[in-house]
1. Going residue by residue through the stretch 113-134, is there one that turns out to be in contact with a Leu (Cβ under 7 Å, 6 or more places away or on another chain), assigned to a helix (DSSP H, G or I) and buried (at least 19 other Cβ atoms within 10 Å of the Cβ)?
2. State yes or no: is ALA18 modelled with pLDDT under 80 and either open to solvent by less than 70 Å² (accessible area, probe 1.4 Å) or outside any helix (DSSP H, G or I) (or both)?
3. Collect the residues in the stretch 81-112 that are in a helix (DSSP H, G or I), closer than 23 Å to GLY47 by Cβ and of a type outside the set (S, T, N, Q), keeping them in residue-number order.
4. Right, ILE140: among the hydrophobic types (A, V, I, L, M, F, W, C), outside any loop (DSSP other than H, G, I, E, B), open to solvent by less than 90 Å² (accessible area, probe 1.4 Å) and free of Cβ contacts under 8 Å to residues at least 40 places away in the same chain or not?
5. The conditions are (1) at pLDDT 90 or above; (2) under 27 Å from the mean Cα position of the chain (by Cα), and ILE126 fails exactly one of them. Which is it?
6. I'm checking my understanding of the structure. Among residues of the stretch 40-57 that are in contact with an Asp or Glu (Cβ under 9 Å, 6 or more places away or on another chain) and open to solvent by 40 Å² or more (accessible area, probe 1.4 Å), which one is nearest to LEU139 (Cα to Cα)?
7. Just give me the residues in the stretch 21-47 being among the basic types (Lys, Arg) and at pLDDT 95 or above, in sequence order.
Amino acid sequence: MVKKGVVDGGDISLGSDAWNVADGYTKIKILVPLCKLDRYDTIAQFGTEEFDEDFNYDQNYLNKRRCEAIERFILTLRQLLGNVYFALRKDDFLGVNSDLERVKQLQTYLPKLYTTRFDEVSKENIFEINEELFKKIHLILQEIKDKINTPLNKAGLIFRPTEEIDLDKIMSEIIDGG
């Protein structure tokens, strides 16, 4: 049912009774975080997004960016999983819940991800990454990011669910004249 209102003497359509925000929700709460995850994944690996950028910065700066990207990766993944939790199919719920718990666990290791120290010779702060731990955390995050698309798609949050086309049925209807 469409409601109409009067504005300055003319009718204006205000839309339907049920305001559907699904399109906006999926773009803002699902698509944007998915794109950010790819960005943070790249920065976590290299410290920058583009190949030529990394020549402009020193290793301390790149290390800080890599660690910040991991922190943002975790936060964004948690937000994404929280945003889609309600829409998941029953058979995907346990797997995604397990992934969410893994992400929460990884967050506890962030304080051990890097150390800072002052170098008396160069008179600068040195930002060092625990590369072994960093790589383990990053790999787990990548695995979770890569597999989240399947339950999202099954829930109809990426591609709209469509009915399967039965070509045999269509051909028989054509042959039968219907």
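1. Among the residues of the stretch 113-134, at least one is in contact with a Leu (Cβ under 7 Å, 6 or more places away or on another chain), assigned to a helix (DSSP H, G or I) and buried (at least 19 other Cβ atoms within 10 Å of the Cβ), which makes the answer yes.
2. Taking the combined requirement at face value, the residue satisfies it.
3. Residues satisfying the conditions are VAL103, LEU106, LEU110, PRO111, LYS112.
4. Considered against the rule, which asks whether it is among the hydrophobic types (A, V, I, L, M, F, W, C), outside any loop (DSSP other than H, G, I, E, B), open to solvent by less than 90 Å² (accessible area, probe 1.4 Å) and free of Cβ contacts under 8 Å to residues at least 40 places away in the same chain, ILE140 comes out as yes.
5. Condition not satisfied by ILE126: (2).
6. So the residue we want is THR42.
7. The answer is LYS36, ARG39.
Residue-wise test of (1) charged (D, E, K, R); (2) free of Cβ contacts under 8 Å to residues at least 24 places away in the same chain.
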| residue | (1), (2) |
| --- | --- |
| VAL96 | no, no |
| GLN105 | no, yes |
| GLU120 | yes, yes |
| ASN125 | no, no |
| GLU132 | yes, yes |
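The values are calculated or read from the model by the stated rules, or taken from the named source; none is laboratory data. Small disclaimer: the values here were computed from a predicted structure and weren't measured. FYI the Cβ positions are ideal-geometry reconstructions off the backbone, even for glycines, and counts take in every protein chain you see. In case anyone asks, the SASA skips ligands and DNA or RNA and just uses the protein heavy atoms, side chains included. Shrake-Rupley method; radii C 1.70, N 1.55, O 1.52, S 1.80 Å.
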